[in-house]
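Participant: The structure follows.
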Number of protein chains: 2
Amino acid sequence: MTTPRSLTQRQWIYRKQPLAEITPEHYQLVEQRLDTSLSANEVLIEARYFSVDPYMRIGQSSKPTYDSDAHPLDTVQAGTVVAQVLVSSSPAFAPGDWVSAYSGWQTHAKVNAAGLTLIDPQQAPVTTALGVLGMPGRTAWFGLTESGKPHAGEVVVVSGAAGAVGSLVAQFAKRHGARVLGIAGGAAKCDWLRDTLKLDWAVDYKAFADADALSADIKRLTGGVDVYFDNVGGIITDAVIPLINRRARIVICGQISQYSGGLENPQQGPRLLHHLLYQRATIQGMLARDYLHRMDEMRRIVGPWVKAGEIIFEETIIEGFEQLPHALNSLFGGEHRGKLMVKA
Amino acid sequence: MTTPRSLTQRQWIYRKQPLAEITPEHYQLVEQRLDTSLSANEVLIEARYFSVDPYMRIGQSSKPTYDSDAHPLDTVQAGTVVAQVLVSSSPAFAPGDWVSAYSGWQTHAKVNAAGLTLIDPQQAPVTTALGVLGMPGRTAWFGLTESGKPHAGEVVVVSGAAGAVGSLVAQFAKRHGARVLGIAGGAAKCDWLRDTLKLDWAVDYKAFADADALSADIKRLTGGVDVYFDNVGGIITDAVIPLINRRARIVICGQISQYSGGLENPQQGPRLLHHLLYQRATIQGMLARDYLHRMDEMRRIVGPWVKAGEIIFEETIIEGFEQLPHALNSLFGGEHRGKLMVKA
C-alpha cells in the first residue's frame, strides 16, 4: 500500500477555559491536510482509541495545579491514544504496529519514535494500554500499595469504585486479602461491584440524603475503615473520614466531585481534621506520573492477571472522534463503568 | 515533722459537659478531709503545679475522640501535676522529693509509687516536667521529627507558635536548619517569636481579614511551605494548605480552634484536599501518648539544651488552685505565652 502525499487530519482544539461543565464552546473541531513526509525517526500514526481522563479537567483549572500552568488555549487537547503506525522512518516501528502515544485529540500525528510505546496485541487487548495496563492501572496499583498499604483483614473503602481506577483498586485490594467496600452512584453500578467484581459491600451514595446517613450505612457494614482510596472527595469523603480506624491511610487519588469549579472556588464542607489526630491517621495525595518509571513493576504483576482473565477491566467505548468533548464531560456525570474512551 | 492524721484536700470536680466555652457551671470546687494513712507502696503527694492542656477539652467532647468515652462526669478533672512527697510508704520516694503524677486537679492525692516519676530539681526547674521536658516537649520533638521530618533549608510553618508545643517545635525546627515562620495571635506574641525565639518570620493571624489575606502574606514571606505543624486548624490551616510545596508534610498535632464546639458540630470550611493531590503531600495526625515509651530519647537530646540555656521555655503561671477552670478556658482565648500552668 502506498501512502498518499497528504491526508485529512482532524483535531479538537481547546479554545476556552470551562468554569463548570464542558460545553461545545470550549472546544473546536478543525480539519486540515497533513503532509505525510517524515523526518528521520518520525512516525506517522493514526489514532484508534482516545483516552478521556479526569486529570484533563484539572489541567483546565485557572489556578496552579500539579503544573504551574493550565493547558494552553488554542492547542490540541493533550491526552493518550492507542494508535496504529501508518508510515515510519524509525527502524523500531513498522506500518500496522500498535502503539500508545501522548499525541492528544487528533486523528493523525507525526511523533518522534522516542515518544511511542509498542503494544503487543497478543498479550492483551490494545485498549488495555489506556486502562488496566496503562495510566489507570499504574495509578491504582501504586496508589494502593505505596500509599494505602492494605493488609489482609483490613477494611478498604474505594470511592468512584466503578471507575477506571477505582474498579482496579477494589480488585487489587481484594487480592491483598482486604475486605472491600465500593462506593458508586446508582444501583446498577453497585450490583456490578457486588456481582461481577465480588466486592464485600457496595454502597450507592445517591441513595442517601446526606453525608451523615451515608456514613451511618458504611459504619453499619464495615465497622470502621483502615484504608480509604478516594477518587471523588466532597460529601463521600465527609462520610468516610469520621469512620477511620487507628492509623488509617487515606489516599487522595482524585477529587472528581470538585473539578467542575471547586478547584477555583472551593466548596465548603465540614472541618474534620481532628479525626486524623484522634486516629493518628494519614492523608496522602498521589499522582500517577510519580510512578511512570515503575511501569514495568506494575505490568510484571498485573499483566499475568489480565492475561489469565483474573481481573475485570470493563471499558466503556464511545464511538466517534467528534464525541470527545462530550465524552470528557460525561466522566463527571458518572454514567459509565470502568475505563471510558472514544473510538475514532 | 510529723504528719497530721488527716488534712484538707481540695478537688475540682468535673460536673457538666461544656458545649462551647468553659464556665463556672462545668466544675465544682469541693473540700474534704483526707486520711493520711498509706497502704504499702503508696505515696501522699501535695500538688504544687497543675498543668492545663488543650487535650483536656478534647476529653470533654460528647463524641468519641482518641478515647471511646468522654472524661467521666462527677470525678476529679484528670491531668498532670508537679508535686512534692509528703509521706511515703515506698522505698523509692522520700518526703520532700519532687515528682510528677497524673493525679488531676486536687491539692493532695495518695498515689501508688508506680504512678510517680521522680524529678531532679538540679537538672532543670521542676516545672519543666509539665513543659519542655514533659508531655509538650515530647509532642513537639516527636511530632516534628517523626511526622514533620524537617530538613535544613526547608520552610517550616508552625501555628500556635507562641504556645507550649508550638514554641518548642519552632525552636527544634531552627536547630534542624529550617527557616521557620510562626503564626500567633497578636503583635506582642509575634515580637516575642522574632526577638526572643529568633524565628525567621512571625505572622499575626488576627491582623488579616480572612484566610486568603493571611495566605498571601505567608506566601510573600516564605514562597511556599515544606512542613506545616498545626496546633490550631480552622482558617489558619485554610491559609497554609494552598501554599504547600511538593511532598510537604502537614502534622496535625492540635486543632484548638475547633475544641469549643467544633468537635461535636463541625464548622464549615473550604474543601482543599486537591492541594494534597497536586503536591503529593501528606497530612498526619499525631498524639503524644504514642511516644510515651520514647521519653528517654527526647530527654537525652533536649535535656542538655535546656540545661545549657539554649531553649527558651516560657511559662505562664496562674496563681491559685481555685483558678483552674478559668485557666483551662483561657487556653482557648490565647493570651498566654509558652506553657500555661496553675500554682497551688
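Please treat every number below as a calculation from the coordinates, not as lab data. Source: prediction; values computed, not measured. Virtual Cβ from ideal backbone geometry, glycine too; neighbours counted across all protein chains shown.
Participant: For B:Tyr102, project a label point 7 Å along Cα to C-beta. Then give me every residue of the stretch B:290-310 with its amide nitrogen under 16 Å of that point.
Facilitator: Counting backbone N atoms under 16 Å from the label point, the list is B:290-296.
Participant: Could you tell me how many cubic angstrom of Cα convex hull volume the stretch A:1-69 has per residue?
Facilitator: Numbers: hull volume 10.3 nm³, N = 69.
Hull volume over Cα atoms, normalised by residue count, gives 149 Å³.
Participant: Step through the table entries A:Lys198/A:Lys307; A:Lys206/A:Lys343; A:Lys16/A:Lys110; B:Lys198/B:Lys219; A:Lys174/A:Lys339, compare each Cα-Cα distance with 23 Å, and write down the pairs that go over it. Could you put the intermediate results ahead of the total?
Facilitator: Numbers: A:Lys198/A:Lys307 19 Å; A:Lys206/A:Lys343 30 Å; A:Lys16/A:Lys110 26 Å; B:Lys198/B:Lys219 20 Å; A:Lys174/A:Lys339 19 Å.
The pairs that break the limit, which is 23 Å between Cα atoms, are A:Lys206/A:Lys343; A:Lys16/A:Lys110.
Participant: Do the sum for chain B: with -39,500 (n - 2.57) for every DSSP H run of n ≥ 4, divided by all residues, what is the mean residue ellipticity at 222 nm, to the nearest 500 deg cm²/dmol?
Facilitator: Values: 9 runs with 77 residues, N = 344.
Using -39500 (n - 2.57) per qualifying helix, the result is -6000 deg cm²/dmol.
Participant: Sort B:Phe332, A:Phe93 so the one with the fewest other Cβ atoms within 10 Å of its own Cβ comes first.
Facilitator: Numbers: B:Phe332 15, A:Phe93 22.
By the 10 Å Cβ count, ascending, the order reads B:Phe332, A:Phe93.
Participant: Now for a different question. Return, for the Cα atoms of chain A, the radius of gyration and Dmax in Å, separated by a comma.
Facilitator: Values for chain A (Cα only, Rg and Dmax): 20.8, 69 Å.
Participant: Separate question: With r defined as the distance between the Cβ atoms of A:Ala78 and A:Glu319 and R0 fixed at 22 Å, what FRET efficiency is calculated, to the nearest 0.05? Kindly include the intermediate steps, with their values, before the conclusion.
Facilitator: Numbers: r = 22 Å, r/R0 = 1.00.
Once rounded, the FRET efficiency stands at 0.50.
Participant: How large is the charge dipole for chain B, taken about the Cα centre, if only the Cβ atoms of Lys, Arg (+1) and Asp, Glu (-1) carry charge, to the nearest 20 debye?
Facilitator: Working: 33 positive and 34 negative charges, 151 e Å.
So the magnitude is around 720 debye.
Participant: Another question, if that's okay. How many percent of DSSP beta bridges within chain A run antiparallel, rounded to 5? The partial results should precede the final answer.
Facilitator: Numbers: 35 of 62 bridges.
Around 55 percent of the beta bridges assigned by DSSP in chain A are antiparallel ones.
Participant: With a 10 Å cut-off between alpha carbons and a GNM built on chain A, which of A:Leu19, A:Leu144, A:Leu273 moves the most?
Facilitator: Of A:Leu19, A:Leu144, A:Leu273, the most mobile in the Gaussian network model is A:Leu273.
Participant: Any idea what the A:Lys149 label distances to the other copies are, label 7 Å down the Cα→Cβ vector, nm, shortest first?
Facilitator: 1.0
Participant: Let me ask something additional. Sort B:Trp12, A:Trp201 so that the residue with the fewest other Cβ atoms within 10 Å of its own Cβ comes first and the one with the most comes last. Write down the numbers at each step before the final one.
Facilitator: Values: B:Trp12 23, A:Trp201 19.
Exposure proxy ranking, most exposed first: A:Trp201, B:Trp12.
Participant: Taking the highest mean first, how do the peptides A:172-180, B:219-227, B:319-327 order by number of other beta carbon atoms within 10 angstrom per residue?
Facilitator: A:172-180, B:219-227, B:319-327
Participant: About its Cα centre, what dipole magnitude does the protein assembly as shown give when the only charges are +1 on Lys and Arg Cβ and -1 on Asp and Glu Cβ, stated in debye to the nearest 20? Walk me through the intermediate numbers first.
Facilitator: Numbers: 66 positive and 68 negative charges, 200 e Å.
Dipole magnitude for the protein assembly as shown comes out near 960 debye.
Participant: Here's a follow-up. Using a 10 Å cut-off on Cβ to Cβ distances, tally the other chain neighbours for every residue of B:264-272 and report the average as a whole number. Before the final figure, lay out each step's value.
Facilitator: Numbers: counts 0, 1, 10, 4, 5, 7, 7, 15, 6.
Partner Cβ neighbours, averaged per residue: 6.
Participant: For A:Lys339, which sequence-distant residues (separation of 5 or more, or a different chain) have an amide H within less than 5 Å of its own amide H, given hydrogens modelled in the peptide plane?
Facilitator: Result for A:Lys339 returns A:Glu314, A:Glu315, A:Thr316.
Participant: Which one, B:Ser330, B:Ser103, B:Ser159, has the greatest fluctuation when you compute a Gaussian network model over chain B with C-alpha springs under 10 angstrom?
Facilitator: Largest GNM mean-square fluctuation: B:Ser330.
Participant: Can you give the angle from 0 to 90° between the axis of helix A:295-307 and the longest principal axis of chain A, with both taken from C-alpha atoms, to the nearest 10?
Facilitator: Tilt relative to chain A: about 80 degrees.
Participant: Taking the dipole about the Cα centre of the stretch B:1-120, with the C-beta of Lys and Arg at +1 and of Asp and Glu at -1, give me whichever of B:Val43, B:Trp98, B:His26 is farthest to the positive side.
Facilitator: Final value for the positive-end residue is B:His26.
Participant: Any chance you could list the semi-axes, whole Å, largest first, of the equivalent ellipsoid that the Cα gyration tensor gives for the stretch B:269-344, using √(5λ)?
Facilitator: 31, 23, 13
Participant: Output, in nm with one decimal and in ascending order, the distances from the A:Pro304 label point to the matching label points of the other copies (7 Å from Cα along Cα-to-Cβ).
Facilitator: 5.3
Participant: Give me the one-decimal nm value for the distance between modelled label points at A:Ser37 and B:Glu146, 7 Å along each residue's Cα-to-Cβ direction.
Facilitator: 6.9
Participant: Between copies, how close do the A:Asn41 label points come, placed 7 Å along Cα→Cβ, listed in nm from shortest?
Facilitator: Here the equivalent label points are 7.7 nm apart from this one.
Participant: Follow-up. What is the dipole size for the stretch B:135-289, taken about its Cα centre, with +1 at each Lys and Arg Cβ and -1 at each Asp and Glu Cβ, in debye to the nearest 20? It would help to have the intermediate numbers written out before the result.
Facilitator: Numbers: 17 positive and 13 negative charges, 108 e Å.
The dipole magnitude comes to about 520 debye.
Participant: Here's another thing I want to ask about it. Angle, helix A:211-222 long axis vs. longest principal axis of chain A, Cα atoms, 0 to 90°, nearest 10?
Facilitator: 80
Participant: Next question, about the same structure. Towards the positive end of the charge dipole of the stretch A:135-289, with charges on Cβ (+1 Lys, Arg; -1 Asp, Glu), say which of A:Ala207, A:Val157, A:Gly137 has the farthest Cα.
Facilitator: The one lying farthest along the dipole's positive direction is A:Gly137.
Participant: Considering chain A as a Gaussian network with a 10 Å cut-off on Cα pairs, which listed residue, A:Ser89, A:Ser167, A:Ser100, attains the greatest mean-square fluctuation?
Facilitator: Per the Cα network of chain A with a 10 Å cutoff, A:Ser89 tops the list.
Participant: Any idea what the relative contact order of the stretch A:135-289 is, in percent, if you count C-alpha pairs under 8 Å spaced at least 6 apart? Let's see the in-between values first.
Facilitator: Details: 319 pairs, mean separation 36.0, N = 155.
It comes to 23 percent, rounded to a whole number.
Participant: Over chain A, what is the mean sequence separation of C-alpha contacts under 8 Å (at least six apart), divided by residue count, expressed as relative contact order in percent?
Facilitator: On the way: 742 pairs, mean separation 60.4, N = 344.
The value is 18 percent.
Participant: Please give the per residue volume of the convex hull enclosing the alpha carbon atoms of the stretch B:135-289, rounded to a whole number of Å³. Each step should come with its number before you reach the end.
Facilitator: Working: hull volume 16.4 nm³, N = 155.
Residue-normalised Cα hull volume stands at 106 Å³.
Participant: Over the Cα atoms of the protein assembly as shown, each weighted equally, I'd like the Debye log10 I(q)/I(0) at q = 0.06, 0.08, 0.11 Å⁻¹, rounded to two decimals.
Facilitator: The computed values of log10 I(q)/I(0) come out as -0.43, -0.70, -1.10.
Participant: Another question about this same structure. Taking N as the number of residues in the stretch A:110-156, what is its Cα Rg relative to 2.2 N^0.38 Å?
Facilitator: Working: Rg = 15.1 Å, N = 47, 2.2 N^0.38 = 9.5 Å.
Compactness ratio reported: 1.59.
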